[in-house]
1. Filter the stretch 209-234 for residues that are under 20 Å from the mean Cα position of the chain (by Cα) and not basic (Lys, Arg); which is surrounded by the fewest Cβ atoms within 10 Å (Cβ to Cβ)?
2. Of the residues in the stretch 176-198, how many are surrounded by fewer than 16 Cβ atoms within 10 Å (Cβ to Cβ) and either assigned to a strand (DSSP E or B) or not assigned by TED's automatic domain parsing to the domain that holds Pro106 (or both)?
3. All but one of (1) at pLDDT 95 or above; (2) touching a strand residue (DSSP E or B) at 6+ places or on another chain (Cβ under 9 Å); (3) small (Gly, Ala, Ser) hold for Gly194; state the number of the condition that does not hold.
4. Residues that are polar (S, T, N, Q), in the same structural domain as Val192 (by TED's automatic domain parsing) and without any contact (Cβ under 8 Å) to a residue 40 or more places away in the chain: does the stretch 92-111 have at least one?
5. Looking at the stretch 256-263, can you tell me whether even one residue there is crowded, with 16+ Cβ neighbours inside 10 Å, in contact with a Leu (Cβ under 8 Å, 6 or more places away or on another chain), touching a residue at least 40 places away in the same chain (Cβ under 8 Å) and closer than 23 Å to Ala230 by Cα?
6. Which of the residues belonging to the stretch 235-255 are exposed (fewer than 14 other Cβ atoms within 10 Å of the Cβ), at negative phi and outside any helix (DSSP H, G or I)?
7. Pull up the stretch 125-152, narrow it to residues that are farther than 25 Å from Glu268 by Cα and buried (at least 20 other Cβ atoms within 10 Å of the Cβ), then point me to the one that is modelled with the highest pLDDT.
8. Need a quick list: helices (runs of 4 or more DSSP H) entirely within the stretch 13-108 having at least 3 residues that are surrounded by 18 or more Cβ atoms within 10 Å (Cβ to Cβ).
Amino acid sequence: MNLLELPREIRDHIYGTLLAPDANRYTADDGSTVYNYSHKNLLSVNRQVYHEARRIFLELNTFVKITTPFPESKHQVAEDGVPIVAADLSAAKFTQHRLSVLIAFPLTGMRTREDTFVIHIDDLHKFCDSWFYSAADYPELNENLTLKLTLRDPLSATPLDDTPAEKNVLKSLQERLLYPFGRVKNLMRVNVTGIPEPQESVVAEMKRLMAIPLGSPVQRLRDATAHKDAGNTALMANQPLEALEHYRKAWESLFIIVKGRTRRVYGERYFEHVLTEPPFENQHGSMVRTVLRIRLVANTLLAYLKLEDWDTVIHVGMRTISIMRRGEENLEPEEEAFGQQWLAGPEMEGMRVEDFVRKMEER
């Protein structure tokens, strides 16, 4: 019995099993994701299988096609953990997307080489997060950019597949496609269009999210300090996991993303101001941020020590030594968590890391 001799319901089940997103992507231990639609040749069997399988494929997989005025955008977002489904010529020819995203410089008068790539809807929030943090690196960038979002429906009924095509984009899907852009702030202009027409309530909520301010340098430093202090309180109460969650939020307030042992640092320029509001009057924002970073690194070290996660203790500890050797800061943040006076400097950190290594070897 060949495929077309099976009942349509069974064929659809086979298509769904082979073409589902989870069956075609691999996520590594570090969180990086790769897509490999190894069964896409199914669409080349014959016309009937193509039309039947294509409908299932597009019902299970929603794609977003993105065009930017920056020629290396796909590499930047990939470094930020956004998996690329298609790029370059393949992306330019791609027509199976539900949303077209066009980012442009309308007032420069210069023609730039555009970059086009395709991502899966499940990763759209990662793309918008990447844009969010990149804008923190270049605070004046977004006010010179326009964003055009165009909804579309790639599904269509054919004589070989008489299943009715979807006549509109469901509100829930519109929300998944548009709400992530609420992370993007201070754009010159935003236009949302498409056939079918986007729902006004969804567009209004997206723009409301966009209007939520990024937060001034002082406010973000205040938030980071509050999360750090909450983490220290949890650490004193012997709640290291809770402490680490507070520290993660503190890092995010500083535009630093920590995932396991990896971290990405953004927003250096955002804090390059002399602060004029309490509690940081007349201090340089970058210096306040650096001090907070050192304290968070050291207190994170203590949290992992309480968890007896020796491998991570050594990793964080060695990174602490590197940070202290690169700077001139002699603060010893552990005293915040323990209320004791400690000797400062990389030599003392080295002694602690050596102690952690010995404990790990004794396991």
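1. Pro213
2. Start the filter on the stretch 176-198 by keeping residues that are surrounded by fewer than 16 Cβ atoms within 10 Å (Cβ to Cβ), which leaves 188-189, 191, 193, 195-197.
From what is left, the residues that are either assigned to a strand (DSSP E or B) or not assigned by TED's automatic domain parsing to the domain that holds Pro106 (or both) are 189, 191, 193, 195.
Final tally of qualifying residues: 4.
3. (1)
4. yes
5. no
6. Across the stretch 235-255, the qualifying residue is only Ala237.
7. Leu149
8. Details: elements: 47-60, 73-79, 88-93.
In the stretch 13-108, 47-60, 73-79 are the helices (runs of 4 or more DSSP H) which contain 3 or more residues that are surrounded by 18 or more Cβ atoms within 10 Å (Cβ to Cβ).
The values are calculated or read from the model by the stated rules, or taken from the named source; none is laboratory data. Here the structure is a predicted model, which means the values were calculated and not measured. FYI the Cβ positions are ideal-geometry reconstructions off the backbone, even for glycines, and counts take in every protein chain you see.
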